[in-house]
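So the structure is just underneath, and the comments pick up after that.
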Amino acid sequence: MNNRSLKDLLYEQVARVGKALSSPKRLEILEMLAQGEKAVETISAEVAIDNKLASAHLKALKEARLVQTRRDGKRMFYSLTGSDVAQLGVTLRQVAEEHLVELRMALQQMMAEPDRMVSVGGKELMAQAKRGEIIVLDVRPENEYNTAHLPHARSLPLSELAHRLAELPRDVEIVAYCRGPFCLMSNEAVKLLQARGYHARKTFDGVSEWLAAGLPIAKN
């Protein structure tokens, strides 16, 4: 093989990953799988597509070696092939945010109410939670919390929040988080909590962002 052919082959292999990441739905699927293993039916419901299309997207991701499968009876489960895949998603989003004004404008809309956003960094947030000055609330599904969560965080899934408000003290600030900057579960949680008289805000960071920043995470 001559040098030109070898170089073409090398770039072709890297491009396999780029092609797999070229779909918005696949990026969303990777964000989901960064939270832990998921069944096809769960993925399709979360990203609002049917099982057949979800399977096609997952096949493309698997061909690029970004996801792997596990069969349990008739059910197929998918997971990331490594933590570096989750970090790739974070890096890709950060580059897009840096260079795409359209993305920055969309994110600004999410931050239109600054009273709902925390202003401290991850280390200070962790220190405040450790001292009991705030409650860090993980509003993702409980199985995602059990896979990995921010230190000192408490699990209270959004689907159960309205019925379990009595478990939360009213004299301590609550900081909610979910799957990362594009996840809206924490937005809904903060709206609900503030409407019920709680002092609540959110942080954009999820587990993947926490790891990308070199901060520790906790596991059950």
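Lys pairs in the chain, Cα-Cα under 21 Å, at least 8 apart or on separate chains: how many?
The result is 22.
Hey, rough spin-label estimate for Glu188 and Val14, points 7 angstrom out along Cα→Cβ, what's it come to in nanometres?
Rounded to a tenth, the inter-label distance reads 4.0 nm.
I need the calculated FRET efficiency for the pair Ser5 and Val101, taking r as the beta carbon distance and R₀ as 41 Å, to the nearest 0.05.
0.55
Return one number: the angle in degrees, 0 to 90 and rounded to the nearest 10, between the long axis of the Cα atoms of helix 3-20 and the longest principal axis of the Cα atoms of the chain.
40 degrees
Which shape class applies to the stretch 112-212: rounded if a/c is under 1.5, otherwise prolate when a/b exceeds b/c and oblate if not, where a ≥ b ≥ c are the square roots of the Cα gyration tensor eigenvalues?
In terms of gyration-tensor shape, rounded.
For n ≥ 4 DSSP H runs only, could you compute -39500 (n - 2.57) per run for the chain, divide by its residues and tell me the 222 nm figure to the nearest 500?
-15000 deg cm²/dmol
For a footprinting-style exposure proxy, rank Thr203, Thr91, Thr42 by other Cβ within 10 Å, fewest first.
In order of increasing Cβ crowding within 10 Å: Thr91, Thr42, Thr203.
Kindly identify the stretch 34-137 as rounded, prolate or oblate by the Cα gyration tensor criterion: order the square roots of the eigenvalues as a ≥ b ≥ c, call it rounded if a/c is under 1.5, otherwise compare a/b with b/c, prolate if a/b is larger, else oblate.
Judged from the Cα gyration tensor, the stretch 34-137 comes out prolate (a/c at least 1.5, a/b above b/c).
Compute the acute angle (0 to 90°) between the alpha-carbon long axis of helix 101-110 and the principal axis of greatest extent of the alpha-carbon atoms of the chain; round to the nearest 10°.
30 degrees
Only Cα pairs under 8 Å and at least 6 apart count here; give the relative contact order of the stretch 1-99 as a rounded whole percent.
Relative CO of the stretch 1-99 lands at 27 percent.
So what is the relative contact order for the chain, in percent, with contacts set as C-alpha pairs under 8 Å and at least six apart?
Once divided by the residue count of the chain, the mean separation gives 17 percent.
Please list 3J(HN,Hα) in residue order for the stretch 173-185, calculated via the Karplus relation 6.51 cos²θ - 1.76 cosθ + 1.60 where θ = phi - 60°; whole Hz, with x for glycine and proline.
Residue by residue, the stretch 173-185 yields 5, 10, 10, 9, 8, 9, 9, x, x, 8, 7, 9, 4 Hz.
Between 0 and 90 degrees, rounded to the nearest ten: what's the tilt of helix 24-33 against the longest Cα principal axis of the chain?
Tilt relative to the chain: about 60 degrees.
Let me check the size of the chain from its C-alpha atoms; what are the radius of gyration and Dmax in Å?
19.1, 70
Given H placed 1.01 Å from N in the peptide plane, which residues other than close sequence neighbours of Val136 have an amide H under 5 Å from its amide H?
Under 5 Å from the amide H of Val136 lie the amide H atoms of Arg154, Val175, each far enough along the sequence or on another chain.
Here, each number is a calculation from the coordinates, and none is a lab measurement. Small disclaimer: the values here were computed from a predicted structure and weren't measured. Every residue, glycine as well, gets a Cβ built from its backbone with ideal geometry; the counts of neighbours run over all protein chains shown.
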